[in-house]
Amino acid sequence: MSEREPKLSREPLSEASYYAVELDPEAFEVVMLDQRLLPAEILYHRYRSAAEVAQSIKDMVVRGAPAIGVSAAYGLALEARAERRDAESFGRTIGAASALLAGARPTAVNLVWAVERMGVRASQVASLPAPDRADAMQAEAEAIHREDVAACRAMGRLGAERVPEGATILTHCNAGALATGGYGTALGVIRAAHEAGKNVRVLADETRPYLQGARLTAWELRQDEIPVEVITDSMAAHFFKRREIQFVVVGSDRIAANGDVCNKIGTYNVAVLAKEHGVPFTVAAPWSTVDLKCPSGDDIPIEERSRDEVARVGAQVLVGDGIPCRHPAFDVTPARLVTEVFTERGSFEPAKGGTPRALER
Ligand code: MRU
């Protein structure tokens, strides 16, 4: 079912006036804003199974590392509610749904992180009566969602302290409320700086080929009346050279143990430009984005998406039929180019040799 203004059976957990994903606990449905249609259309869909949620992640109805993690957690809560048989059947159902969800997209580690956390909870509650274990799985998914919003708030406050008064901030892709449980990581820093009265303005890279910057970041900032201008990715060098950019903040899909940062394709270009022009290049991400099992950026799987996302914009054909295109969806910025990473646990400075290990608990 699709709706323009879905009525949820409780207040959304997102702290924005819109949300990427929420659970409707009475209907027991996952409700998602279709981000493929923004900004032209606001349409929410309802899903009833982990398979439908996994497909929505693959199809980019929902995207952004923390948001797909929250979605997967809710997908497993749906399965837990529907499965009324014994502990063994429950374990099998959750196992199969987990494999489906974890395989939906490869790069953002938040997806696997959320599935694994739900899996731990599932094994703790498997032998409880069916309604109790379903309640426990729902509570765990909601905790993942609430903790993500709180993490965004915390890293936003920390990052905002580093933003110079009156700065023009460059950001790439969309790391806002739409990409998280609500509020945003990189946009959380920008929102917190704005809320602190720092008089900031934003240059949003359009973010070819999927245009998350043009379609989503600009739309979000406009909702909050934060001044924003969209530029094509190729214009960034020009604005750096003219000293029109004082600060860069982006999100991340996976941070390796050595401090290398994986994010949307084109982020590495921005980091090289920032270094050349002496501008701080910073990253905001929750701890669920840190992958200490991944020694360096070279070990991060990079998603290859379809040729058509490069060869077309909507119905408009840009590249002639049969001409191949390349489409890595992410790139890795080496630690030496990353000035500071903000998390809810504190920050570290990869360019000075800092790594996430300093914040490990
Ligand atoms: O392909 P997407 O749109 O899921 O990629 C999203 C990004 O690269 C974001 O910058 C990243 O997930 C951080 S979101 C808080």
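The values are calculated or read from the model by the stated rules, or taken from the named source; none is laboratory data. This is a predicted model, so every value here is computed, not measured. For neighbour counting, all protein chains shown are included, and Cβ atoms are generated from backbone atoms with ideal geometry for every residue, glycine included. Calculation scope for accessible area: heavy atoms of the full protein, side chains included, ligands and nucleic acids excluded. Shrake-Rupley method; radii C 1.70, N 1.55, O 1.52, S 1.80 Å.
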For segment 64-163 (alpha-carbon point model, no solvent) the Debye-based log₁₀ I(q)/I(0) at q = 0.16, 0.21 Å⁻¹ works out to -0.64, -0.96
Post the alpha-carbon centroid distance, segment 61-123 to segment 308-361, in whole angstrom. 25 Å
Given a Förster distance of 30 Å, the FRET efficiency implied by the Cβ-Cβ spacing of I302 and E360, rounded to the nearest 0.05, works out to 0.75
With unit charges on the beta carbons (Lys and Arg positive, Asp and Glu negative) and the dipole taken about the Cα centre of segment 264-361, which residue among V341, G322, I300 sits farthest to the positive side? V341
Along Cα→Cβ, 7 Å out, is where each label goes; now give me the distance between the ones at E229 and V319 in nm to one decimal. 3.1 nm
What whole-number value in Å² describes the accessible area per residue of the chain for a 1.4 Å probe? 41 Å²
How large is the helix-only mean residue ellipticity at 222 nm for the chain, computed as the sum of -39500 (n - 2.57) over DSSP H runs with n ≥ 4, divided by its residue count, in deg cm²/dmol to the nearest 500? -11500 deg cm²/dmol
Enter the angle in degrees (range 0 to 90, nearest 10) between the Cα long axis of helix 186-195 and the first principal axis of the Cα atoms of the chain, meaning the one along which they spread out most. 70 degrees
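Assuming 0.36 nm per residue, please report the length gained on full extension of the stretch H277 to R146 beyond their Cα-Cα distance. Write down the numbers at each step before the final one.
Details: separation 131, 0.36 × 131 = 47.16 nm, distance 3.80 nm.
So the chain would gain 43.4 nm between H277 and R146.
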Place a point 7 Å from Cα of K352 in the direction of its Cβ. Which residues in segment 154-194 have their backbone N less than 14 Å from it? 162
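Tell me the carbon and sulfur percent of the accessible area for the chain, rounded to whole percent, probe radius 1.4 Å.
Roughly 51 percent of what the probe reaches on the chain is carbon or sulfur.
Based on alpha-carbon positions alone, could you give the equivalent ellipsoid semi-axes of the chain from the gyration tensor, as √(5λ), descending, whole Å?
On the way: eigenvalues 216, 99, 81 Å².
Over the Cα atoms of the chain, the ellipsoid semi-axes are 33, 22, 20 Å.
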Give me D for segment 193-328 in µm² s⁻¹, whole number, from Stokes-Einstein with Rh from the Kirkwood sum over alpha-carbon pairs, 4 °C and 1.567 mPa s. 77 µm²/s
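Given a Förster radius of 35 Å and the C-beta distance between S17 and Q246 as r, what FRET efficiency does 1/(1 + (r/R0)^6) yield to the nearest 0.05? Mind showing how you got there, number by number?
On the way: r = 29 Å, r/R0 = 0.82.
That gives a FRET efficiency of 0.75.
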A convex hull over the alpha carbons of segment 1-81 yields, per residue, a volume in Å³ of 86 Å³
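Using the Cα centre as the reference, give the magnitude of the dipole from point charges on the C-beta atoms of segment 194-353 (Lys, Arg: +1; Asp, Glu: -1; all else neutral), rounded to the nearest 20 debye. Walk me through the numbers on the way to the answer.
On the way: 19 positive and 24 negative charges, 74 e Å.
About 360 debye.
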Helix 109-125 versus the longest principal axis of the chain: what is the Cα-based angle in degrees, 0 to 90, to the nearest 10? 20 degrees
If the only charges are +1 at each Lys and Arg Cβ and -1 at each Asp and Glu Cβ, what is the size of the charge dipole of the chain around the Cα centre, to the nearest 20 debye? 560 debye
